[in-house]
Amino acid sequence: MEIQGYPIHSMDFFAQIFDQLSKNLKDVKSLGDLAKDSKWFQVADFNKEILNKKHVIVVTDANLKIVYATQNMVEMNGYHPHEVVGKTPRMFQGKATCRDTTKKVSKAVGNLQPFEVTLTNYRKDGSTYECQIKSSPIFDKTGKLVNFIAFEKEVA
């Protein structure tokens, strides 16, 4: 019996898909736990956002320090979540980032309003990409601001 290469290649392919699915499901659970622990008033459908829409999700505290980023971030910009936690989303901005758009974002954040923008961001390697960001403040069940959440995706 002659051994063909196809089964091994297909096993590699399915192993990669399984690995990504496992990471995504871990993020869904971790975000659900964060929402529960922080007593979020409203909780997004993380299954839909990560698994179906393929969004990167970034959560900051009320002071805009990143407290959580999904593992699929590395495919979008080269950063692993542990490299961005504790920093602000400004770390992704640079010379080509539109200042008018960042002012719009700052105003929305200051007014605790949701916003949707497309920004030129920077990858870890210094190259740029267009990032569609849909963000909103997160309040706890008493109405106190506890986090901001952003759903991000690279656009062509």
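Calculated accessible area for the chain comes out at 63 Å² per residue, all protein chains present (probe 1.4 Å; ligands, DNA, RNA ignored). Ignoring lysines fewer than eight residues from LYS107 along the same chain, the ones with Cα atoms less than 26 angstrom from its Cα are LYS39, LYS65, LYS87, LYS95, LYS134, LYS141, LYS144, LYS153. Overall dimensions of segment 72-153, expressed as equivalent-ellipsoid semi-axes from the Cα gyration tensor (√(5λ), whole Å, largest first), are 23, 16, 10.
Rounded to the nearest 10 degrees, the angle from helix 6-37 to the longest Cα principal axis of the chain is 20 degrees. Note on the chain: dipole from Cβ charges, positive end direction compared against ALA150, PHE46, GLN16; the farthest Cα belongs to ALA150.
Using a probe radius of 1.4 angstrom, the carbon and sulfur fraction of the accessible surface of segment 2-156 is 56%. Taking the dipole about the Cα centre of segment 57-146, with the C-beta of Lys and Arg at +1 and of Asp and Glu at -1, give me whichever of GLN93, SER127, ILE57 is farthest to the positive side. Going by the Cα projections, it comes out as GLN93.
Proximity of backbone amide H atoms, modeled 1.01 Å from N, is registered between THR88 and ILE66 at under 5 Å, excluding neighbours fewer than 5 places apart on the same chain.
Result for the chain in a Gaussian network model with C-alpha springs under 10 Å: among ASN47, ASN63, ASN72, the largest mean-square fluctuation is at ASN63. Quick note on segment 19-107: its Rg to Rh ratio, both from C-alpha atoms and Rh being the Kirkwood radius, is 0.98. Remark: the chain carries a charge dipole of roughly 820 debye about the Cα centre, counting +1 on each Lys and Arg Cβ and -1 on each Asp and Glu Cβ. Computed about the Cα centre, the dipole magnitude for segment 89-156 is approximately 240 debye when only Lys and Arg (+1) and Asp and Glu (-1) carry charge, each at its Cβ. Amide H contacts for ILE138 (H built 1.01 Å from N in the peptide plane; partners 5 or more residues away or on another chain; cut-off under 5 Å): VAL146, ASN147, PHE148, ILE149. Here the 3J(HN,Hα) profile of segment 140-152, calculated from phi with Karplus coefficients 6.51, -1.76 and 1.60 at θ = phi - 60°, is 7, 5, 9, x, 7, 5, 10, 8, 10, 10, 10, 9, 10 Hz, Gly and Pro shown as x. The aspartates and glutamates within cross-link reach of LYS23, meaning a Cα-to-Cα straight distance under 20 Å and a gap of 8 or more places when in the same chain, are ASP12, ASP33, ASP45, GLU49, GLU75, GLU83, GLU152, GLU154.
Could you estimate the translational diffusion coefficient of the chain from the Stokes-Einstein equation, with Rh from the Kirkwood formula over C-alpha pairs, at 25 °C and 0.890 mPa s, in whole µm²/s? Approximately 146 µm²/s, per Stokes-Einstein.
The values are calculated or read from the model by the stated rules, or taken from the named source; none is laboratory data. What you see is a predicted model; the values in this text were computed from it and never measured. Cβ coordinates were reconstructed from backbone atoms using ideal geometry, including for glycine residues, and neighbour counts include every protein chain displayed. Surface areas here come from the heavy atoms of the whole protein model, side chains and all, with no ligands, DNA or RNA. Shrake-Rupley method; radii C 1.70, N 1.55, O 1.52, S 1.80 Å.
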